[in-house]
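Novice: Attaching a single structure in structure tokens format; questions to follow.
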Amino acid sequence: MDRRSFLKTSAIGGTAAAASTLAAPVYAQGKRTLTMVTSWPRGFAVLDDAASYLEKFVGEMSDGNLTIDKKAPGELVGALEVFDAVSSGQADMYHSADYYYIGQHPAYAYFTAVPFGGTAQEVTNWYEHGGGQELHDELGEIFNLKGLLSGNSGSQSGGWFRNEINSAADFNGLKFRMPGLGGKVLGKLGASVQNIPGGELYQALSSGALDGLEWVGPMADERAGFQEVAKVYYTAGFHEPGSALASSVNLDVWNDLTPAHKAILQGASRATTHVQLAETLANNGAALARLQAQGVKTLQFSDDVWDAFGAASKEVMDENMGDELFAKVRASFEASMASSSSWIDKSDGYYVAQRNRVLGN
């Protein structure tokens, strides 16, 4: 039995009982409502912001003829159950981070972030003009999904720690939260890696269930309150240099939409990425200053630690090369990133370095 047929006839991840309460799609006078399950508690900075922008833009762009009914974790399904709920048709669409679902297929990592991968701009370049969207569709076809990117958190921080990291050996035995392939990298360094939903992280860190965690960046981390229970903050990380967010739609639902509604979802997704990323980057600096004022010590990993990240990352990436689709996505992504960076390094990168030198920043 192929996976699409299986998913349509099976209750997945214990979600069937909750999903049975889902209302049928609304059709009235040409109007339609899509139920969107999300991985974000309401009010979560950056992530729920992106989901809320998408909900808002779709309604505005369609003049109310296409609307999204956004659901937080626990309202219909759990935070990490949204992929299976939408894949099986128990909900219409989800808003999440696709690297949560590398267990379904490791190539999903590329539609959020991979270790030493692309910046937010480089990810967008690939997705829009380097074949990324088409590969998202090819991957989604396996799971009855139409992939869309709707948001980007930008470069994510290295994380919150109780103690400083002076060498790669300090990760050995560390109970640390990091999803995706980045988490597998820390596992290579001996960390006990966990993927805990965002709404549970504060309690896990404050109780000692975690020794450290990475979340998003200053704006989101401040609102989550991590500075209350940890004071060592590494501001640059190897794992997510430009983290995309996905709003994938059940493929049967997508195919049933009108061309106008499909275009609205695509346009609203692009607008969400642009507006939410700008909002995040515009606020991270002030949030970081507030964190420092509360006694947070901001640090960078040493070159030796970065080298260890790099060596372990290569191992993790190479371990997935036996999968043909993963290899295809990786080759496409890396070719696009190399092409983008060849110009960015000589233009934006050089300009920013000179600007900082001349102005003394």
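Novice: For GLY295, state whether it is open to solvent by less than 60 Å² (accessible area, probe 1.4 Å) and of a type in the set (Gly, Ala, Ser). Spell out the reasoning first.
Specialist: Numbers: open to solvent by less than 60 Å² (accessible area, probe 1.4 Å): yes; of a type in the set (Gly, Ala, Ser): yes.
Criteria met by GLY295.
Novice: Can I ask one more? Could you list, in sequence order, all residues of region 267-290 that are over 15 Å from ALA220 (Cβ atoms) and open to solvent by 60 Å² or more (accessible area, probe 1.4 Å)?
Specialist: ARG270, HIS274
Novice: Which strands (runs of 3 or more DSSP E) does region 103-220 wholly contain that include 1 or more residues that are crowded, with 17+ Cβ neighbours inside 10 Å, of a type in the set (Lys, Arg) and free of Cβ contacts under 8 Å to residues at least 40 places away in the same chain? Lay out the reasoning, then the answer.
Specialist: On the way: elements: 149-152, 159-161, 175-177, 192-194.
Result: 175-177.
Novice: Which one is surrounded by the most Cβ atoms within 10 Å (Cβ to Cβ), of the residues in region 66-95 that are farther than 16 Å from LEU148 by Cβ, without any contact (Cβ under 8 Å) to a residue 60 or more places away in the chain and not hydrophobic (A, V, I, L, M, F, W, C)?
Specialist: LYS71
Novice: Moving to a separate point now. Which one of these is surrounded by 14 or more Cβ atoms within 10 Å (Cβ to Cβ), closer than 23 Å to LEU145 by Cα and over 22 Å from the mean Cα position of the chain (by Cα): VAL305, VAL253?
Specialist: Of VAL305, VAL253, the one residue that is surrounded by 14 or more Cβ atoms within 10 Å (Cβ to Cβ), closer than 23 Å to LEU145 by Cα and over 22 Å from the mean Cα position of the chain (by Cα) is VAL253.
Novice: Let me confirm something: among ALA263, ALA353, ALA311, ALA271, which residue is among the small types (Gly, Ala, Ser) and within 19 Å of the chain's Cα centre (by Cα)? It would help to see each step written out before you state the result.
Specialist: Values: ALA263 fails: within 19 Å of the chain's Cα centre (by Cα); ALA353 fails: within 19 Å of the chain's Cα centre (by Cα); ALA311 fails: within 19 Å of the chain's Cα centre (by Cα).
Exactly one residue qualifies, and that residue is ALA271.
Novice: How many residues does region 315-348 hold that are open to solvent by less than 40 Å² (accessible area, probe 1.4 Å), part of a helix (DSSP H, G or I) and not hydrophobic (A, V, I, L, M, F, W, C)?
Specialist: Of the residues in that region, 6 qualify.
Novice: Let me ask something else. Where residues in region 186-223 are β-branched (Val, Ile, Thr) and at pLDDT 95 or above, which of them is nearest to SER153 (Cα to Cα)? Spell out the reasoning first.
Specialist: Taking region 186-223 and keeping what is β-branched (Val, Ile, Thr), we get 193, 196, 216.
Next, only the ones that are at pLDDT 95 or above stay: 193, 216.
Values: VAL193: 22, VAL216: 7 Å.
Top of the filtered list is VAL216.
Novice: Looking at ALA230, ALA236, ALA268, which one is part of a helix (DSSP H, G or I), on the phi < 0 side of the Ramachandran plot and among the small types (Gly, Ala, Ser)? First the steps, then the outcome.
Specialist: On the way: ALA230 fails: part of a helix (DSSP H, G or I); ALA236 fails: part of a helix (DSSP H, G or I).
On inspection, the qualifying residue turns out to be ALA268.
The values are calculated or read from the model by the stated rules, or taken from the named source; none is laboratory data. All figures in this text were calculated on a predicted structure; none of them were measured in a lab. FYI the Cβ positions are ideal-geometry reconstructions off the backbone, even for glycines, and counts take in every protein chain you see. These accessible areas exclude ligands, DNA and RNA; they are computed on the full protein's heavy atoms, side chains included. Shrake-Rupley method; radii C 1.70, N 1.55, O 1.52, S 1.80 Å.
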